[in-house]
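Derivation of every value follows stated rules applied to the coordinates shown; laboratory data play no part. None of these values were measured; they are calculated from a predicted model. Positions of Cβ are generated from backbone atoms using ideal geometry, with glycine treated the same way; all protein chains shown enter the neighbour counts.
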Amino acid sequence: MSGILSRLGAFLHRQMPTHAELEANRLTAPFARRQELFRFTRRSVPRGVAVGLLIGIFALIPGVQIVGAALMCVPVRGNIPLAAAMTFLSNPATTPLILAASIWLGNRMGFHADLSTFSALYESGAGLGAWGRWLLSDAAPALVFGLFVISTVAAAVGYLLSSWFWRHWIGRKHRARGLRPLRAVPPASDEAVIAEPEQVA
């Protein structure tokens, strides 16, 4: 279990934008000056994870995701680098699965979107015009509803898991600190002279 958590932590650390990168972006530079949004605490970490999953899944537009996550971290006081890293979980490999699951879920809730049309558009590499015409049909309500449900559930699960992970990691650090051997106190020298109290005449 500890090995899996270590690899997960290393992956998220690689995806996190640095403070300098956020300062260099004109859209996120105003938030980069707020140091409290970059601290890793038991409250800011789960909030950052939840914000990143919510925005990363619901707003499937590269570039908008990081800016949107940074904006949402301000009122909820979430960790901005961690929120930005979580948006990378929706990438070219996972986006088709997220979209297909969202359409399927929307259809199950009574909306009507043609999943076969979505598959045909994706496999043919359709342009923005074709995708726009498809979204302006009955597909948009099903897709938006499905994205909202999936992103909300993912944010809630991410919040709970990151809270547990944070407590587990901090607990391990405290236990490791408690198991460290105490520094030995050197014994008193036999030649030490004990001063006698001065007698008053």
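The table for this structure:
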| quantity | calculated |
| --- | --- |
| Selection from Ala93, Gly127, Ala155, by position along the positive dipole direction of the range 27-178 (Cβ) | Ala155 |
| Among 35-44, 80-89, the order from most to least packed when residues are scored by Cβ within 10 Å on average | 80-89, 35-44 |
| √(5λ) per eigenvalue of the Cα gyration tensor, the range 105-177, largest first, Å | 41, 15, 9 |
| Karplus-derived 3J(HN,Hα), 6.51/-1.76/1.60, for each residue of the range 51-57, Hz, glycine and proline x | 5, x, 5, 4, 6, x, 8 |
